[in-house]
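In what follows, a structure is listed as structure tokens, so that the remarks can point back to it.
The values are calculated or read from the model by the stated rules, or taken from the named source; none is laboratory data. Everything numeric here is computed off the predicted structure, so don't read it as measured data. When we count neighbours, we look across all protein chains shown, and the Cβ atoms used for this are built from the backbone with ideal geometry, even at glycine. For the accessible areas, the whole protein counts, side chains as well, though only heavy atoms, and no ligand, DNA or RNA atoms are used. Shrake-Rupley method; radii C 1.70, N 1.55, O 1.52, S 1.80 Å.
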Amino acid sequence: KMSNKAQIPSKGSKGAAGYDLYTTESYELKPGERKTFKTDIKLAIPEGVYGRIAPRSGLAVKHGIDVLAGVIDSDYTGDVGVILHNAGHDIFDIKAGDRIAQLLIVKCEHFVFNQVAELKQTERGDGGFGSTGHN
């Protein structure tokens, strides 16, 4: 904790996948606006995993509050910030101490990329966005 306002991430229930993140700032987030909110916490994330900051479903469905970006690398040891975006139609009033996002700890693999002349053919091929939908 970097300040007395900071709160250690906590689970809302025993089976929750994410840990609630709390802001130390108060602010009125206007429709269409985005802002980075301080949590005043630092984390030591082990190698082989990363922290993923995700929206809280209640804030998303009720107020249109989303999280932008949201990857915390294992070698980052600075203040954890949360970028919130108000996709709703109303000002969203945030108070210091509010739960604003959730932190998931996710396994990740590290790879070495190699250049090749061509890729192996697959059934899907280069079909992109929406190409696997059914009519």
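Can you bin segment 53-100 into rounded, prolate or oblate? Criterion: square roots of the alpha carbon gyration tensor eigenvalues sorted a ≥ b ≥ c, rounded for a/c under 1.5, prolate for a/b above b/c, oblate for the rest.
Values: a/c = 2.63, a/b = 1.92, b/c = 1.37.
Prolate, because a/c is 1.5 or more and a/b exceeds b/c.
Can you give the relative contact order of the chain as a percent, counting alpha carbon pairs under 8 Å and 6+ residues apart?
On the way: 271 pairs, mean separation 41.3, N = 135.
Contact order relative to length: 31 percent.
In whole percent, and with a 1.4 Å probe on the protein chains, what portion of the accessible area of the chain is carbon and sulfur?
On the way: 4950 of 9740 Å².
That fraction is 51 percent.
At a Förster radius of 25 Å, what calculated FRET efficiency corresponds to the Cβ-Cβ distance of Ala60 and Glu109, to the nearest 0.05? Please report the intermediate quantities before stating the final value.
Values: r = 29 Å, r/R0 = 1.15.
Computed FRET efficiency for Ala60 and Glu109 comes out at 0.30.
Test of understanding: given the chain, find the longest segment containing no trypsin sites (Lys or Arg not before Pro) that are in a DSSP loop and have at most 14 other Cβ atoms within 10 Å.
Working: sites that count: Lys1, Lys11, Lys14, Lys42, Lys95, Lys120, Arg124.
Excluding the exposed sites themselves, the longest stretch runs over 43-94.
What FRET efficiency, computed as 1/(1 + (r/R0)^6) with R0 = 30 Å and r the Cβ-Cβ distance, is obtained for Tyr76 and Ser26, rounded to the nearest 0.05?
Working: r = 26 Å, r/R0 = 0.86.
E between Tyr76 and Ser26, to the nearest 0.05, is 0.70.
Rank-order 17-23, 112-118 by packing density, defined as the average count of other C-beta atoms within 10 Å over each peptide's residues, highest first.
Working: 17-23: 19.6, 112-118: 4.9.
Ranked from most to least packed, the peptides come out as 17-23, 112-118.
Please calculate how many Å² of accessible area the chain carries per residue, with a 1.4 Å probe and no DNA, RNA or ligand atoms counted.
Details: 9740 Å² over 135 residues.
Ligands and nucleic acids excluded, the figure is 72 Å² per residue.
State the number of lysine pairs found in the chain whose Cα atoms come within less than 18 Å, restricting to pairs 8 or more positions apart or on distinct chains.
Lysine pairs meeting the criterion: 13.
Pull out a ≥ b ≥ c, the square roots of the eigenvalues of the alpha-carbon gyration tensor of the chain, then state rounded if a/c is under 1.5, prolate if not and a/b is larger than b/c, and oblate in the remaining case. Please report the intermediate quantities before stating the final value.
Numbers: a/c = 2.37, a/b = 1.47, b/c = 1.61.
Verdict is oblate for the chain.
Val49 to Ala69: extension gain in nm, 0.36 nm per residue of separation minus the Cα-Cα distance?
Values: separation 20, 0.36 × 20 = 7.20 nm, distance 1.68 nm.
Full extension from Val49 to Ala69 adds 5.5 nm.
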